[in-house]
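Let me begin by presenting the structure, written as structure tokens, before commenting on it.
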Amino acid sequence: VPVAWSDCPQWTRGRHQGLPLLSYNCAPRDKLATYRQLRALGLRPNGQDPVAVLYVRHNASKKVSFASLYLIDQAAPVRPMTPAKWTALAKANQARRICRTCGKDPLYILPTSTHQCWTCWATTESEAA
């Protein structure tokens with residue numbers, strides 16, 4: 001099959017959503033990378049669409065996973081964090097730690113199901129019982 005990362009036709013497992021389907025260990029690691037692999041290299045996809053799909057079947061669970069593959073040579077460096085982004089991130093993380101019942105910071109991230117610290121949660125559970 002003709003592919004975007006090579007001038008020669010390459011062997012693939014077929015197509016998945018219109019993209020070439022590659023098996024695990026068959027994708028050229030010097031040319032293609034998943035999103036997480038790009039981030040580990042300090043890169044981002046830079047708005048490019050995936051050029052292939054990686055197919056992985058887990059033998060123990062029999063689950064099938066698919067991962068989009070991007071061209072490394074078209075990726076761009078990750079944008080640096082600005083002071084405004086650091087401030088917004090700090091505010092968001094602080095909001096995840098404030099109990100909605102007592103308004104205190106228990107110094108840990110609260111469960112998203114209750115947004116309560118453990119003492120307030122235990123109190124409301126005992127009142128409900």
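The values are calculated or read from the model by the stated rules, or taken from the named source; none is laboratory data. Because the structure is a prediction, the values reported are computed rather than measured. Cβ sites come from the backbone with ideal geometry, for glycine too, and all protein chains shown count toward neighbours.
Taking (1) modelled with pLDDT of 95 or more; (2) basic (Lys, Arg); (3) under 30 Å from residue 3 (Cα atoms) in turn, residue 79 satisfies each apart from (1). Taken as a whole, the structure leaves residue 46 outside the set of residues that are at pLDDT below 90 and polar (S, T, N, Q).
The set of residues in region 81-129 being among the small types (Gly, Ala, Ser) and surrounded by 11 or more Cβ atoms within 10 Å (Cβ to Cβ) consists of 88, 122.
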